[in-house]
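Below is one structure, written out as structure tokens; comments come after it.
The values are calculated or read from the model by the stated rules, or taken from the named source; none is laboratory data. All values reported here derive from a predicted model rather than from experimental measurement. So basically every Cβ, Gly included, is an ideal-geometry build from the backbone, and we count neighbours across all protein chains shown. Ligands, DNA and RNA are stripped out before the accessible areas are found, and what is left, the full protein with its side chains, is counted by its heavy atoms. Shrake-Rupley method; radii C 1.70, N 1.55, O 1.52, S 1.80 Å.
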Amino acid sequence: MKLTIGTVCATLILAVSTANAWTFTYRNSAGTPSVASNGDNNKQCTGITHAAGQTFEWDRGFWSDCCISLYTNRACSGDPAGYSCSDWKQAASVTLHSYKVTN
């Protein structure tokens, strides 16, 4: 396969855009994962059901400055049950019902 400048540029653009995208993986009580992603943008309050004891994963992306807040209610109100601006992987101590992402 012959590499062209166009191919190399397209590959680099894809790598940079992927490295900048955040992802949040949460799981139901059976451990079935769901993955949310929104590039490097904010995400309004979003309802989920992440079971206590299941592991969630937050990957903010290499150049992203996004932070995630996790809540035990569906309105993202009150104090968050968890908050991180760094990559984060942990088993939840409580059932989580919503999250939001800010930068």
Next on the checklist: I'm trying to understand the selection: among the residues of segment 49-80, which are touching a residue at least 12 places away in the same chain (Cβ under 8 Å), more than 12 Å from residue 25 (Cβ to Cβ) and open to solvent by 60 Å² or more (accessible area, probe 1.4 Å)?
Outcome noted: 49, 60, 62, 63, 65, 72, 74, 75
Item to check | Which numbered condition residue 46 fails, given (1) without any contact (Cβ under 8 Å) to a residue 40 or more places away in the chain; (2) within 16 Å of residue 24 (Cβ to Cβ) | outcome: (1)
Item to check | Meets criteria (open to solvent by less than 70 Å² (accessible area, probe 1.4 Å) and modelled with pLDDT of 95 or more) for residue 30 | outcome: no
Checklist entry - Can residue 84 be described as of a type in the set (Ser, Thr, Tyr) and surrounded by fewer than 17 Cβ atoms within 10 Å (Cβ to Cβ)? => result yes
Next on the checklist: Looking for something free of Cβ contacts under 8 Å to residues at least 60 places away in the same chain and loosely packed, with under 13 Cβ neighbours inside 10 Å - is there at least one such residue anywhere in segment 94-101?
Outcome noted: no
